[in-house]
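Trainee: Please find one structure pasted underneath; my questions will follow.
The values are calculated or read from the model by the stated rules, or taken from the named source; none is laboratory data. Please read these numbers as outputs of a predicted model, since none were measured by experiment. Every residue, glycine as well, gets a Cβ built from its backbone with ideal geometry; the counts of neighbours run over all protein chains shown.
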Amino acid sequence: MLSGWALSSLAVYSLVPYKTPWCVLNVELPLFLLSGWLAYQASLVCRDPGVLLSVRSLALLLCVAVVLMALPQARQSRSVNVDGYDDPRHSYVFVQTKRGYYEFLQDLFGVGDASQFVGTGGPVVINVDPKNPTRWYSITRGWHYDALQYRNGRRPKRSQIERADIIVAVKRGLAETARRVSRSSQRWHRESYQLRPGRRVTAWYRQELWDAYMARGGRKSSPWPRPAAEDIYRPPVPARFR
């Protein structure tokens, strides 16, 4: 059963061109379980006095071999998930957030910090597209979005743009959002950052907030990573789920 699970998962992962880290877990889990079961069976043979010594020795060698094979896999797993998750030299393809996205987070939180000194009471953020991780980073740092600020792919209205401090968009809706921002009565500063391979995130910052952020030192004044907030906003449960 474990062998069938491992082989079918590996076949599906090999055929599907869109690779993601959580899909790899579906491949690794049955392999880990299969290796553990094999090592356990070999240990039982090693401890059985009724088995020939030569067979027990082979079983012991099998246990050692499983451990020795697991060590480089553990090192490679750490490298892929911690240090080199976006290293194109790895044989597997990961569709992951690129490191250039951290520059966006520095600017996002830096402008948010600067808004406290400009007196806007912000930041008010419009996140146009659902397929970017901005809200998860910002919510865990103490920010929260209401229904007007998180558009879930819908284009922002003119009245929302006029009230916004920061507007974020990816490919979907980018052209229309840019057109509406250009028609705003406010002055905006535009920046573009890496998001994923083939995808960039574009952000518009209210010009006075960007200027205040630059006056404070820009990214030098906005370190990353930032610790998570102790009090994380938890939105109310939708009525249909109560």
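Trainee: In the list G100, G84, G50, which residue meets the criterion of being over 23 Å from S3 (Cβ atoms) and in contact with a His (Cβ under 9 Å, 6 or more places away or on another chain)?
Mentor: Step by step, each of G100, G84, G50 is checked, and only G84 is over 23 Å from S3 (Cβ atoms) and in contact with a His (Cβ under 9 Å, 6 or more places away or on another chain).
Trainee: Still on this structure: Conditions first: (1) surrounded by 13 or more Cβ atoms within 10 Å (Cβ to Cβ); (2) at pLDDT 80 or above. L52 passes all but one, so which condition is the exception?
Mentor: Of (1) surrounded by 13 or more Cβ atoms within 10 Å (Cβ to Cβ); (2) at pLDDT 80 or above, only one is false for L52: (1).
Trainee: Would you mention how many residues in segment 172-215 are within 16 Å of V128 (Cα to Cα) and either aliphatic (A, V, I, L, M) or in contact with a strand residue (DSSP E or B) (Cβ under 6 Å, 6 or more places away or on another chain) (or both)?
Mentor: Total satisfying the criteria: 16.
Trainee: Exactly one of (1) outside any loop (DSSP other than H, G, I, E, B); (2) among the polar types (S, T, N, Q); (3) within 16 Å of S115 (Cα to Cα) is unmet by Q186. Its number?
Mentor: Result: Q186 passes all but (1).
Trainee: Shifting gears a bit: Among the residues of segment 190-220, write down those that are in a helix (DSSP H, G or I) and more than 15 Å from Y102 (Cβ to Cβ).
Mentor: Q207, E208, L209, W210, D211, A212, Y213, M214, A215
Trainee: Just checking, which of R155, R172 is surrounded by 13 or more Cβ atoms within 10 Å (Cβ to Cβ), part of a loop (DSSP other than H, G, I, E, B), modelled with pLDDT under 90 and in contact with a helix residue (DSSP H, G or I) (Cβ under 6 Å, 6 or more places away or on another chain)?
Mentor: Only one candidate qualifies: R155.
Trainee: Also, I was wondering about something else. Kindly list the number of the only condition in (1) within 24 Å of the chain's Cα centre (by Cα); (2) without any contact (Cβ under 8 Å) to a residue 40 or more places away in the chain; (3) surrounded by 12 or more Cβ atoms within 10 Å (Cβ to Cβ) that fails for R219.
Mentor: The one condition R219 does not meet is (2).
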